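Below is one structure, written out as structure tokens; comments come after it.
Derivation of every value follows stated rules applied to the coordinates shown; laboratory data play no part. These numbers come from a predicted model, not from an experiment. Don't worry about glycine lacking a Cβ; one is built from the backbone with ideal geometry, like all the others, and counts go over all protein chains shown.
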Amino acid sequence: MKHIILDKEEEQILKDFEDGKYVRVKNFEQEKKRLQEIARNTLKKTKNINLRLSEKVVHKLKIKAAEEGIPYQTLASSILHKFVNN
């Protein structure tokens with residue numbers, strides 16, 4: 001499991017939770033499912049961005065994408081996704 005670093009506010013929330021200062025909401029399972037759906041919908045949204053790349057980079061990206069059999073924008077998105085999640 002990854003080590004998680006908490007800020008002071010998060011540490012206080014965790015301490016309060018461990019000390020039993022929080023009370024479970026009514027209809028907990030229903031509320032949990034509702035909030036999970038909200039989070040899922042928020043995280044799966046995509047956003048269009050504009051990037052300035054040299055023609056040479058775009059050309060090479062298109063060649064690599066063709067070799068992989070995928071659209072070049074999908075390849076660019078995949079590369080960025082892998083980079084930010086490593």
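Data table
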quantity	calculated
Positive-end extreme of charge dipole, the chain - chosen from Tyr22, Gln73, Leu6 (charges on Cβ)	Gln73
Helix-only CD estimate at 222 nm, as mean residue ellipticity for the chain, using -39500 (n - 2.57) per DSSP H run (n ≥ 4)	-20000 deg cm²/dmol
Net charge over other residues, Cβ less than 14 angstrom from the Cβ of Lys60 (K, R count +1; D, E count -1)	0
Listed residue pairs exceeding 20 Å between alpha carbons, taken from Lys62/Lys82; Lys56/Lys82; Lys8/Lys33; Lys44/Lys82; Lys45/Lys82	Lys56/Lys82; Lys8/Lys33
